[in-house]
């Protein structure tokens with residue numbers, strides 16, 4: 001299988017200087033490497049041309065964020081497997097073979113992610129994907145190894161290969177035929193949680209998403225938008241609601257939508273008590289965008305062709321904040 005690693009870049013020369021060497025060192029025998037530049041204004045492109053001439057460059061005309069950036073770039077990439085790789089990831093030796101073996105042996109598997117550990121503390125799982133992503137009844141995402149902000153230490157508890165619900169956009173492998181069949185990433189998201197929508201839509205037409213725990217990468221996280229950035233809060237809350245509109249099965253739809261609006265309101269009050277009112281405003285802004293886009297996204301709903309119950313756990317909010325269950329293995 002022809003594999004292409006595509007690193008989306010926007011004014012990230014320092015990140016490329018730090019992390020591109022590991023990608024080149026440990027990947028060139030099995031994959032072509034691309035840097036897809038989102039109209040950077042720094043010297044990223046000239047740096048790559050000078051120091052990594054084997055890396056192919058795609059120059060996008062505008063910065064359309066994660067979703068449009070990849071949709072535009074992947075039109076120029078000829079491969080059977082795409083790897084969407086963040087510029088702030090350090091890969092490890094032999095990280096590719098376990099993942100490519102899954103694609104070779106599991107034809108119905110469309111999307112795969114490796115184990116994501118924290119670059120800043122390599123003993124712990126990283127927020128963005130950890131040991132594979134799941135989703136609760138209300139559309140809230142969480143991971144094995146990361147429930148809300150609680151990060152577990154990696155003790156080998158997730159060194160398996162397992163079906164998951166969503167793969168992290170920080171390092172997401174996908175069959176190119178499936179990517180184009182489901183029309184790629186939804187550009188209305190701009191950034192954050194569009195990978196969850198992508199995985200959801202792939203499963204809606206019968207494909208599987210897997211986690212491969214014997215492949216490891218280290219992710220800095222928050223390199224584009226810091227966790228304390230209210231715009232990140234806005235995108236996460238808005239895009240999670242948009243996922244609900246597009247993908248929640250009909251039988252749960254009204255219940256989940258109304259419940260989510262209430263739960264988000266509670267989250268807004270929590271931010272006020274934490275003296276972070278700017279994040280409460282971000283949630284209000286997210287809800288206004290939700291109302292504005294409601295009928296547009298209602299039109300994007302796809303009929304679920306696979307009978308699958310996506311709510312593995314009833315409510316991650318209830319279990320975490322009320323019952324105090326902080327680790328994945330404690331969830332019911």
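Build a GNM of the chain with springs between Cα atoms under 10 Å: which of 245, 205, 196 gets the top mean-square fluctuation?
Maximum fluctuation in the GNM of the chain, among the listed residues, is at 205.
So how far, in whole Å, is the C-alpha centre of region 49-105 from the one of region 252-287?
The distance from the Cα centre of region 49-105 to that of region 252-287 comes to 35 Å.
What is the angle, in °, between the Cα long axis of helix 96-105 and the longest principal axis of the Cα atoms in the chain? Nearest 10 is fine, range 0 to 90.
Value to nearest ten degrees: 70.
Take every DSSP beta bridge whose two residues both sit in the chain, then give the antiparallel share in percent to the nearest 5.
50
To make sure I understand, if each residue's beta carbon is the centre and we count other beta carbons within 10 Å, what order do 211, 234 fall in, fewest to most? Before the final figure, lay out the partial values.
Details: 211 29, 234 21.
So the ranking, lowest neighbour count to highest, is 234, 211.
Sorted by packing (mean other beta-carbon atoms within 10 Å per residue), highest first, where do 122-132, 15-25 land? Spell out each step's value before the answer.
Numbers: 122-132: 23.1, 15-25: 18.4.
The peptides rank, most packed first, as 122-132, 15-25.
What FRET efficiency, computed as 1/(1 + (r/R0)^6) with R0 = 30 Å and r the Cβ-Cβ distance, is obtained for residue 41 and residue 187, rounded to the nearest 0.05?
Computed FRET efficiency for residue 41 and residue 187: 0.90.
Could you give the angle, 0 to 90 degrees to the nearest 10, between helix 253-273's Cα long axis and the longest principal axis of the Cα atoms of the chain?
Around 90 degrees separate the two axes.
Please order 180, 279 by the number of other Cβ within 10 Å, starting at the fewest. Each step should come with its number before you reach the end.
On the way: 180 14, 279 21.
By the 10 Å Cβ count, ascending: 180, 279.
What's the FRET efficiency of residue 267 with residue 49 using the Cβ-Cβ distance as r and R₀ = 51 Å, to the nearest 0.05? Present the calculation step by step, with values, prior to reporting the outcome.
Details: r = 45 Å, r/R0 = 0.88.
Once rounded, the FRET efficiency stands at 0.70.
Can you give the FRET efficiency for residue 28 and residue 106, using 1/(1 + (r/R0)^6), R0 = 30 Å, r = Cβ-Cβ distance, to the nearest 0.05?
Numbers: r = 25 Å, r/R0 = 0.84.
My answer for the efficiency is 0.75.
What shape does region 1-87 have by the C-alpha gyration tensor, where a ≥ b ≥ c are the square roots of the eigenvalues, rounded means a/c under 1.5, and otherwise prolate means a/b greater than b/c and oblate the rest? Write out the running numbers ahead of the final one.
Numbers: a/c = 1.83, a/b = 1.09, b/c = 1.67.
Oblate shape, in that a/c is at least 1.5 and b/c is the bigger or equal ratio.
Could you tell me the distance between the Cα centroids of region 18-43 and region 145-192, to the nearest Å?
Cα centroid of region 18-43 versus Cα centroid of region 145-192: 20 Å apart.
Among rounded, prolate and oblate, which fits the chain when a ≥ b ≥ c are the square roots of the eigenvalues of its C-alpha gyration tensor, a/c under 1.5 means rounded, and a/b larger than b/c means prolate?
Numbers: a/c = 1.44, a/b = 1.38, b/c = 1.05.
Cα axes put the chain in the rounded bin.
Is region 230-330 rounded, prolate or oblate when judged by the Cα gyration tensor, a ≥ b ≥ c being the square roots of its eigenvalues, rounded requiring a/c under 1.5 and prolate requiring a/b larger than b/c?
Working: a/c = 2.43, a/b = 1.17, b/c = 2.08.
Oblate shape, in that a/c is at least 1.5 and b/c is the bigger or equal ratio.
Let me have the 222 nm mean residue ellipticity of the chain computed from DSSP H runs of 4+ only, each contributing -39500 (n - 2.57), with the sum over all residues rounded to the nearest 500. Spell out each step's value before the answer.
Values: 9 runs with 121 residues, N = 332.
So the calculated ellipticity at 222 nm is -11500 deg cm²/dmol.
Using a 10 Å cut-off on Cβ atoms, rank the peptides 138-150, 36-48 from the highest mean neighbour count down. Could the numbers behind the result be given before it?
Details: 138-150: 20.9, 36-48: 17.4.
Per-residue mean Cβ counts within 10 Å order the peptides as 138-150, 36-48.
Please give the helix 230-247 orientation as an angle from the longest Cα principal axis of the chain, in degrees from 0 to 90, rounded to the nearest 10.
Helix 230-247 and the main axis of the chain meet at about 80 degrees.
Compute and list, largest first, the equivalent-ellipsoid semi-axes of region 1-49 from the alpha carbon gyration tensor, each √(5λ) rounded to a whole angstrom.
Numbers: eigenvalues 83, 28, 11 Å².
The equivalent ellipsoid of region 1-49 has semi-axes of 20, 12, 7 Å.
So what's region 96-253 giving for Rg/Rh, alpha carbon basis, Kirkwood Rh from the mean inverse pair distance?
On the way: Rg = 15.0 Å, Rh = 15.9 Å.
Ratio of gyration radius to Kirkwood radius for region 96-253: 0.95.
Read the figures in this text as sums done on the coordinates, not as results from a lab. Remember, predicted model here, so these are calculated numbers, not experimental data. Because the Cβ atoms are built from the backbone with ideal geometry, glycine has one as well, and the counts that use them run over all protein chains shown.
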